[in-house]
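Right, one structure below, let's go through it.
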Amino acid sequence: QAERSAKAKQVFTKLLELGETPSLDALNLIGKVCAATGDSTYAFEVAEKMAGIGVNLTPSFRSSLVTACARSRQGRQRQQMLYADREYRKLKREKLTGTVAMYTALVNMYNANSKPQESTAVLQDMIKADFQPNLWLIMSVLTVAIERMDTESLRLLTQWCVDLNGKLDRGSCQTILNVAARKGDTRLATRIWTLMENAGYSATPSAYAAIVHAFGTKKDDLSMFGALLEMEQRGHTPSRQLVRTVAEHLSLALS
């Protein structure tokens, strides 16, 4: 593929040197070559030359330009991310959609730079463009969102996972519950709890501890105490530390 790509670039360069105006098909083709190889440098060179001879870039080429930047390994990765982000925003302002390859490359780029909000936004754009991201791509963003404790993105991502797969695996549910507990995001915690019940997962002491802590962090003492009572009613013995935490919250509320 590398050899074919190099030959395609040589032919296109020769065409320009001869003063010929490339057809739109040729322009789109060289854009796809740049996207496939992550050659953003050559893609920008082509864009500049097209501007110089008054040829408007096609939506297909511009989508390929974004893809090339997102996949590029040349120079500093941060700089390439800024290029990709800039060109992508231009497409969005003009209400132009890209290709599945472009959206996927952008998601992978943002994931690599630990930016789950940006990755999630691209997935939303992808869905609006009538492309369905696969479960693997959504889960890759969910993993980064968990690492960054991005509860806002997790709410969307978990719903997309359920829409595609029917449920979310138990391990991911528990991990997200733990994130919600630390952030005091009771909306996410109760949502995950409902997903676990719908999937037929039995509530574990760890799940109850997480939901209790979520309500505690949110200072919702009544719900926190209710969760502790339900935990005991279902035959689970709360740890001394958990009981102490609830007692401290209630004593502060009453003081």
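Descriptive notes on the structure:
- Just one of (1) hydrophobic (A, V, I, L, M, F, W, C); (2) open to solvent by 50 Å² or more (accessible area, probe 1.4 Å); (3) over 24 Å from Ala247 (Cα atoms); (4) at pLDDT below 95 fails for Leu222. It is (3).
- The lone criterion from (1) more than 21 Å from Leu228 (Cα to Cα); (2) open to solvent by 10 Å² or more (accessible area, probe 1.4 Å) left unmet by Thr186 is number (1).
- Residue within the range 139-152 that is farther than 22 Å from Asn108 by Cβ, buried (at least 17 other Cβ atoms within 10 Å of the Cβ) and of a type outside the set (A, V, I, L, M, F, W, C) present: yes
- Members of the range 171-229 found to be of a type in the set (Ser, Thr, Tyr) and not in a loop (DSSP other than H, G, I, E, B), listed by number: Ser172, Thr175, Thr186, Thr190, Thr194, Ser206, Tyr208, Thr217, Ser223
- Residue that is least open to solvent (accessible area, probe 1.4 Å), among those in the range 86-111 that are part of a helix (DSSP H, G or I) and free of Cβ contacts under 8 Å to residues at least 12 places away in the same chain: Arg86
- Positions within the range 38-70 being surrounded by fewer than 21 Cβ atoms within 10 Å (Cβ to Cβ) and under 18 Å from Thr104 (Cβ atoms), in sequence order: Gly38, Pro59, Ser60
- Within the range 238-255, the set of residues being open to solvent by 60 Å² or more (accessible area, probe 1.4 Å) and under 23 Å from Thr175 (Cβ atoms) comprises Ser239, Gln241.
The values are calculated or read from the model by the stated rules, or taken from the named source; none is laboratory data. As the structure is a prediction and not an experimental result, all values here were calculated from the model. Note that each Cβ is placed from the backbone with ideal geometry, even for glycine, and that neighbours are counted across all protein chains shown. Protein only, heavy atoms only, side chains kept; ligands, DNA and RNA dropped before computing areas. Shrake-Rupley method; radii C 1.70, N 1.55, O 1.52, S 1.80 Å.
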